[in-house]
Amino acid sequence: MSGAVVLYVWPGEWDLPSLDPECLTALCYLKYSQIEHTVQVVEKHWDLLKNSLPRLTFKNEVYSGIDEIIDFIKQNKNDDFLLSDKNYPDMLAILCLFKQKFIPAFNALCWLDNENTYTVIRKAYGKHLWFPFSLIKLKSIADNAKNVIMSSYRSSHVQFESISQHIVYESKECLNIISSKLGENLFMFENKPSLLDAYLFGYLSVLYKAPFINSALKSHLLASSNLCSLITRIQREQFPIDKEGKINDEQTEQIFSSFARNRKQKSERAC
């Protein structure tokens, strides 16, 4: 490919290269695609308020959101087609199941569970945003998560509280299916990474590493040792942590707002 591919992502947290599951998915799939790219971490920047992340730029084109980024990667290098005629449709089917059954429960845990929303997720995201604009941004993310979850129920009279246990139950069954399919293999299919493995890393790594409180979903994941091994192995191979606890990735750059940069410079001069 001629031209610079740049991926913009939320900052890291919990020893992960990004705190956001969609950003992690994009990071992982770009690594697997072996498309040369640069990662730019957006830290306390107006960009976080105005635009959604992840976002990818190539030449004069902008690809916003995980779906557009995945489409871009597939158009340029789709290694998933190297899977056998049987495994490729199976991979897509399990990925569809994961999106329909697991991701709604994960989003509910992050954005609709008051205890975990305010003590874990909002705290992690909020420190990378300016106050009070952080309140607006995080409310927008939470409202969107709830609308997506509730859109699958046709009746407008259904309340989230009445379906929350059912959502968690379905997500556990989804993880059981995926764990059974993975078995003792290195990856989900043919011992080679695919888009499904990138999605699993993106979402399960946050569930695994973030300090969620009293989460039945996290407890269920921890009981699936092969899924936990998949997460830790992908991070070790693709996003290793150095001795100082930093993600060792030469492709990653940090974007600071002029305000944050000036504040940092003043602090250094004061010292």
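Results, tabulated for the structure shown:
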read-out: Residues of segment 20-35 satisfying the condition of being part of a loop (DSSP other than H, G, I, E, B) and surrounded by 22 or more Cβ atoms within 10 Å (Cβ to Cβ); value: D20
read-out: Pair list, Cβ < 7 Å and 6+ apart or interchain, from segment 214-235 residues that are open to solvent by 40 Å² or more (accessible area, probe 1.4 Å) to residues that are of a type in the set (A, V, I, L, M, F, W, C) and at pLDDT below 95; value: A216/V168
read-out: Among the residues listed as K99, K123, the single one being farther than 25 Å from Q159 by Cβ, assigned to a helix (DSSP H, G or I) and not aliphatic (A, V, I, L, M); value: K123
read-out: One residue from E161, E115 being out of contact with any Phe, Trp or Tyr (no Cβ under 8 Å at 6 or more places or on another chain), open to solvent by 50 Å² or more (accessible area, probe 1.4 Å), farther than 27 Å from K50 by Cβ and at pLDDT below 85; value: E161
read-out: Selected residue (only one of L53, L49, L83 is surrounded by fewer than 15 Cβ atoms within 10 Å (Cβ to Cβ) and in contact with a helix residue (DSSP H, G or I) (Cβ under 9 Å, 6 or more places away or on another chain)); value: L49
read-out: Test: V148 is open to solvent by 70 Å² or more (accessible area, probe 1.4 Å) and outside any helix (DSSP H, G or I); value: no
read-out: Filter result for F102 (at pLDDT 95 or above, aromatic (F, W, Y) and open to solvent by less than 10 Å² (accessible area, probe 1.4 Å)); value: yes
read-out: Residue identified as at pLDDT 80 or above, surrounded by 13 or more Cβ atoms within 10 Å (Cβ to Cβ), within 18 Å of the chain's Cα centre (by Cα) and within 29 Å of N214 (Cβ to Cβ) among I66, I70, I167; value: I66
read-out: Among the residues listed as P240, P211, the single one being at pLDDT 95 or above and surrounded by fewer than 17 Cβ atoms within 10 Å (Cβ to Cβ); value: P211
read-out: Among (1) within 26 Å of A124 (Cβ to Cβ); (2) modelled with pLDDT under 95, the one test that A270 misses; value: (1)
read-out: Residue that is out of contact with any strand residue (DSSP E or B) (no Cβ under 9 Å at 6 or more places or on another chain), closer than 25 Å to L19 by Cα, at pLDDT 80 or above and of a type outside the set (F, W, Y), where the choices are I136, I141; value: I141
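Yes or no, residue by residue, for (1) part of a helix (DSSP H, G or I); (2) farther than 19 Å from C228 by Cα; (3) open to solvent by less than 30 Å² (accessible area, probe 1.4 Å):
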residue: D90; (1), (2), (3): yes, yes, no
residue: I94; (1), (2), (3): yes, no, yes
residue: A108; (1), (2), (3): yes, yes, yes
residue: K139; (1), (2), (3): yes, yes, no
residue: N144; (1), (2), (3): yes, yes, no
residue: S171; (1), (2), (3): yes, no, yes
residue: F187; (1), (2), (3): no, no, yes
residue: L200; (1), (2), (3): yes, no, yes
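The values are calculated or read from the model by the stated rules, or taken from the named source; none is laboratory data. Not measured: the values here are computed from a predicted model. All Cβ positions, glycine included, derive from the backbone under ideal geometry; neighbour counts span all protein chains shown. Ligands, DNA and RNA are stripped out before the accessible areas are found, and what is left, the full protein with its side chains, is counted by its heavy atoms. Shrake-Rupley method; radii C 1.70, N 1.55, O 1.52, S 1.80 Å.
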